[in-house]
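Single-structure report; data block below.
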Amino acid sequence: MFMKLRCVVNKIKKSSPEISDEQAKKDAKDYLDPTSIQDIYFFHLNDLDETKKPKLRVKLIVSALGLKQPKRPLLNRLGKTIGISELGLVHTALQIGPVVLDWDTAGFVVVQPTTDYNNFRALAVIDLQDIDTVQFRNEYLEPMCIRITEWNLKAYSVFTKNCQDFTKAMLEIMKIKPNLTRDHKLGEFIHSLEDLDQRNIPFTFRFAGELFTFSNHRELDQFCWNYHTYLTKSTPEAQQDRALLKAFDRVFWLRYYAASELKDEMHRHDVMSKCQCLPAEKRVIIDADFNLKPTEETPLPGTGCYFHDPAIHSFWNRSSKEASLDDEELADVNHNF
């Protein structure tokens, strides 16, 4: 047990050099105890009322590894060719409801609330599946926590055990099989990430034989509003297009929140400017004194963020009424026109 504890302590110190030895030992014991991990997870689930939030949304967060051009495209293709990773050399993490599970390069799983999760390297945030909250607590949580302790003892290796292997193992426990093959719009995008500039984005989207480029969040929102009728259709093609555009939207939001951590003021301002959504316009009323006042209603159709929910950080910001709806239902309520 001592060797296992020392192994995890070293990982924690490597990840957070500023932490004290005493705190590192305490944290290490938690990361080796399935019950402690379960308590950590339950702590973030305690505020969930199944009657208001009967489903937990599972999302795959895909991020760049920070490799610089021209190495990144070459290594991405190499990784897929020799079978190191299914998605190329990208980092993956999972969001399950209000919690993010991230097996980082230090080699241990970080369980953290979505409100503490900042990721400036995000490339796509993909909705995978909604799972029943009660079923997750009763069937999936305990075996997942046991597996997390096992992974906390593994050594991170790009070639043998990496973040994609971890997320795949967690998804298998929940019986989720993502469809990210090249014949799906999301899969096609993920498999082309070696050509995406992680700092400047921009996202490209082929629609009706034309190639659209979204260099900022506002352009994405405006495009979605322009094609709202199409994106609400139930056809497989429309649903795939909507899912891909939503994955772009979530990246803009995630990077917007992460930008606050940037020390370079000009860079921070540039990123936040690109990642800000389309401004929302509200209806106004004229009061008895003939003053124009905005109403408390939802934004006017065609204004504001198309997908409404501010990505990962929005979870704790919802009202009790909104908490009973998932992202798609909430969008339908607020953008019904």
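The values are calculated or read from the model by the stated rules, or taken from the named source; none is laboratory data. Small disclaimer: the values here were computed from a predicted structure and weren't measured. Backbone-built Cβ (ideal geometry, glycine too); neighbour counts: all protein chains shown. Accessible surface is based on the protein model in full, side chains and every heavy atom, while ligands, DNA and RNA are left aside. Shrake-Rupley method; radii C 1.70, N 1.55, O 1.52, S 1.80 Å.
I'd like to check which helices (runs of 4 or more DSSP H) are fully inside segment 7-86 and have at least 2 residues that are within 21 Å of Pro143 (Cα to Cα) and modelled with pLDDT under 75.
Numbers: elements: 21-31, 34-45, 71-81.
It comes to 34-45.
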*Quick one: Phe189 ticks every box in (1) surrounded by 15 or more Cβ atoms within 10 Å (Cβ to Cβ); (2) touching a Gly at 6+ places or on another chain (Cβ under 9 Å) except a single one, so which number is it?*
(2)
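So which residues in segment 115-143 are closer than 17 Å to Ala259 by Cβ and either open to solvent by less than 40 Å² (accessible area, probe 1.4 Å) or free of Cβ contacts under 8 Å to residues at least 60 places away in the same chain (or both), if there are any at all?
Scanning segment 115-143 gives Asp116, Tyr117, Asn119, Ala122, Leu123, Val125.
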*Consider Ser324 against the criteria (1) surrounded by 13 or more Cβ atoms within 10 Å (Cβ to Cβ); (2) touching a Gly at 6+ places or on another chain (Cβ under 9 Å); (3) at pLDDT below 85: it satisfies all of them except one. Which criterion is unmet?*
(2)
_Residue identified as modelled with pLDDT of 85 or more, surrounded by 15 or more Cβ atoms within 10 Å (Cβ to Cβ) and of a type outside the set (A, V, I, L, M) among Tyr257, Tyr227_ = Tyr227
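Tell me, please, whether a residue that is surrounded by fewer than 18 Cβ atoms within 10 Å (Cβ to Cβ) and part of a strand (DSSP E or B) can be found in segment 90-103.
No, segment 90-103 contains no residue that is surrounded by fewer than 18 Cβ atoms within 10 Å (Cβ to Cβ) and part of a strand (DSSP E or B).
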